[in-house]
Every structure is written in C-alpha cells, then in structure tokens.
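The values are calculated or read from the model by the stated rules, or taken from the named source; none is laboratory data. For clarity, every value in this text was computed on a predicted model and none was experimentally measured. Here the Cβ is made from the backbone with ideal geometry for all residues, glycine too, and neighbour counts use every protein chain on show. Please note that ligands, DNA and RNA were not included when accessible areas were found on the heavy atoms of the full protein model with its side chains. Shrake-Rupley method; radii C 1.70, N 1.55, O 1.52, S 1.80 Å.
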Protein chains: 2
Amino acid sequence: MGLFTHDIKSMDDLFVHTLQDIYYAEKQITKALPKMIDKASDPQLKQGFQTHLRETEGQIDRLEQVFRMHGHEPKGVTCEAIDGIISEAESVISEVADPQVLDAAMLSAAQAVEHYEISRYGTLASWARQLGHDDCARLLHETLEEERATDEKLSRTAETAVNRKAA
Amino acid sequence: MGLFTHDIKSMDDLFVHTLQDIYYAEKQITKALPKMIDKASDPQLKQGFQTHLRETEGQIDRLEQVFRMHGHEPKGVTCEAIDGIISEAESVISEVADPQVLDAAMLSAAQAVEHYEISRYGTLASWARQLGHDDCARLLHETLEEERATDEKLSRTAETAVNRKAA
C-alpha cells in the first residue's frame, strides 16, 4: 500500500487489505503468547494461554484458506493496532514484579488482543457475506465464534481466579 | 511510570494505571471523531459518530468521577494501543477515495475502537468490584454497557446500510 495513493479502490480491496492486517496480527500474537505462557503463574491462566496459542495457529491456517478461496496468496501488512496493543502490554508487564498482579495484567492484555480480533473478524465476516463470498464468510465466522468463546473463558478466569487472588 | 522500575506494585496501582490508560484513550477518541464525522457520507453513520462523540464526552466525565472517588486526580498516560488503532485507521482512510468504501472503512475502524474500550472497561469494572470499590464499579459498568450498545448499533449500520451500498 503506497502513501496517499488511494490503493484501496473497492470493497474487495478493503476486504483483502483487512485480511492482510489480521494475518499479520495473528502472526504477532503467536510470537507474544509464548512469553506470556512462560510468565503466567496461575495454572488455569497458563493453560488458557496455551490453548489460545494452538487456536491462533488454527486461525492462521483458516485465514490462509480464505486468502486462497479468494484468489490471493496469504500475505501480511503491518498492523499498527496490534503492534500498539502488544507493545503496551509488554511495557505494563515490565513494570510489575508481583506474580499475581502480573497474571491480572497479562489477562487484561490478552482480552484487549481478543477484542481486537473479535472486531476484525466480525467486520470481515460481514463484508465476505455482502460480497457474496459465503465460503469465506463461513470460515471467518468460525474464527469469530472461537475468539468470542476465548474472551468469555478469559473473563471467567479473571472473575474466579486471577483477579481475586491478586486483590 | 519509569522504565523497568516496577512501579506497578499492587492491584490498586494496576487499576489506577489502567484508568489513566483509558482516560488518555477517550481523549484521543474525541480528537479523532470530528474528522470521521466530517468524512462520513451515509447520514446514519454520520449521526452515529456524532452520538458517539457526545457519549465519549460523558464517559470522560464519568472517568473523572471514578478517579476522584478513588482519591486520585484525573490524569492520562500514553496508551500505545489506542494510538496504534487510530493511526492505522487514519492510514487506511487515506488510501480510500470512494465515499462508500470510505464509510465502510471508518465504520470498521470505529468498531476496533469500541472493542478496545469494551475490553478495558470490562477489566476495570471487574477489578473495581474485586477491590471493593462498588461505587467505581457501578460507573465503569455503566460505560461498559454504553460501549456495547454503540458497538451493536455500528454492527446494525454495517449490515443495513453502509456495507451493502459499498459492495
């Protein structure tokens, strides 16, 4: 994408650009999660991050299918949003020494990541349907439901374990 | 917050830091929305952004109340996450010339912002409850519900008007 070159001319271009954005984001998430698994103290949280990593790898496969169904090679574009979310998380995490407060901070960071993904997959599934790509929409919707379920699981972990201990 | 000085020692510190993060984010959103109102073509979308701007101002007032209830002066800290989300939105928007594709791109950006807020207010309301600050929790929950309603309204606008026209 050039600078002010109006490279996004159609809804189809916008759809592909947003696929590339979330593809890059998912790859960044697979790099960030192992560090969080390593630092997590609460076993339920550690396991939650491990599941999330496996799911993210499956979501990347699914995205690659969507690219190909749509006649494109899978490719990422820098996603400033996820870079900002991850960089902020790392900066907050670096300020926390207490293991239980650290768990709460990481859980909150993971939910910010989840919500970014929910918003992008929601948009992509809706655009795919409206562009008549029902096959792509189905796969994108599958990931959307997975992200929503992960977010709910993280909320339950927050309510039942991590935050209570830390408070 | 210093660099690697472990300034966040307790859940209370983490709560205040996250309040400062979303306070900064809300202020950035009030700067970004007028540009989006200006660029929106679809009247329903334009009106949605206008409502969102008024709501954001109310949410800032509510945050200031939460700070004071908690014995702190309202203050922001740079939130790299919202800076990344807004900067990415501006960069995508600058690539689109077609007014209907632009509306779809802005609507998608607004939903990414909403989801960041939903994640932060969800976390803050949960922490406030667990720290025994029920008065703060009530106000934070009120904003959370407002954000969720706005996101749903944006989804409906996407399904019924903007995206269909653009596709």
Completion exercise
Subset of the range A:89-98, residues of a type in the set (A, V, I, L, M, F, W, C) and in a loop (DSSP other than H, G, I, E, B), comes to A:ALA97
Problem - Test: residue in the range B:116-132 that is at pLDDT 95 or above, among the basic types (Lys, Arg) and open to solvent by 10 Å² or more (accessible area, probe 1.4 Å) - result: yes
Handout entry: Considering residues of the range B:64-91 that are in contact with a Phe, Trp or Tyr (Cβ under 6 Å, 6 or more places away or on another chain) and more than 20 Å from A:ILE82 (Cα to Cα) only, the residue farthest from the other protein chains (Cβ to nearest Cβ)
Key = B:PRO74
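Condition check ((1) within 13 Å of chain B (Cβ to nearest Cβ); (2) open to solvent by 10 Å² or more (accessible area, probe 1.4 Å); (3) of a type in the set (D, E, K, R); (4) touching a Lys or Arg at 6+ places or on another chain (Cβ under 6 Å)) across all residues:
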site	(1), (2), (3), (4)
A:LYS9	yes, yes, yes, no
A:ASP12	yes, yes, yes, no
A:PHE15	yes, no, no, no
A:GLN20	yes, yes, no, yes
A:TYR24	yes, yes, no, no
A:LYS27	no, yes, yes, no
A:LYS31	no, yes, yes, no
A:PRO34	no, yes, no, no
Exercise for the section: Tell me, yes or no, whether the range A:59-68 has at least one residue that is part of a helix (DSSP H, G or I), in contact with a His (Cβ under 7 Å, 6 or more places away or on another chain), touching a residue at least 60 places away in the same chain (Cβ under 8 Å) and under 24 Å from B:ASP151 (Cα atoms). Expected result: no
Exercise for the section: Can you tell me which residue within the range A:76-88, out of those that are open to solvent by 20 Å² or more (accessible area, probe 1.4 Å) and in a helix (DSSP H, G or I), is farthest from A:GLN50 (Cα to Cα)? Expected result: A:GLU80
Fill in the blank from the handout: Flagged in the range B:123-138 as in a helix (DSSP H, G or I) and more than 7 Å from chain A (Cβ to nearest Cβ), in numbering order, are B:LEU124, B:ALA125, B:ALA128, B:ARG129, B:ASP134, B:ASP135, B:CYS136, B:ALA137, B:ARG138
Handout entry: Condition met for A:ILE60 (aliphatic (A, V, I, L, M), surrounded by fewer than 21 Cβ atoms within 10 Å (Cβ to Cβ) and more than 14 Å from chain B (Cβ to nearest Cβ))
Key = yes
Practice task
For A:ALA166, state whether it is modelled with pLDDT under 95 and touching a strand residue (DSSP E or B) at 6+ places or on another chain (Cβ under 9 Å).
Solution key: no
Completion exercise
Among B:SER94, B:SER108, the single one that is within 11 Å of chain A (Cβ to nearest Cβ), surrounded by fewer than 19 Cβ atoms within 10 Å (Cβ to Cβ) and closer than 17 Å to A:THR18 by Cβ is B:SER94
Practice task
Considering only the range A:98-138, state which residues are free of Cβ contacts under 8 Å to residues at least 40 places away in the same chain and among the charged types (D, E, K, R).
Solution key: A:ARG129, A:ASP134, A:ARG138
Practice task
Answer yes if at least one residue in the range A:141-158 is facing another protein chain (nearest Cβ under 7 Å), open to solvent by 10 Å² or more (accessible area, probe 1.4 Å) and under 19 Å from A:THR30 (Cβ atoms), and no otherwise.
Solution key: no
Handout entry: Subset of the range A:31-51 (residues that are among the hydrophobic types (A, V, I, L, M, F, W, C) and part of a helix (DSSP H, G or I))
Key = A:ALA32, A:LEU33, A:MET36, A:ILE37, A:LEU45, A:PHE49
Handout entry: Condition check for A:VAL113: part of a helix (DSSP H, G or I) and either open to solvent by 10 Å² or more (accessible area, probe 1.4 Å) or of a type in the set (A, V, I, L, M) (or both)
Key = yes
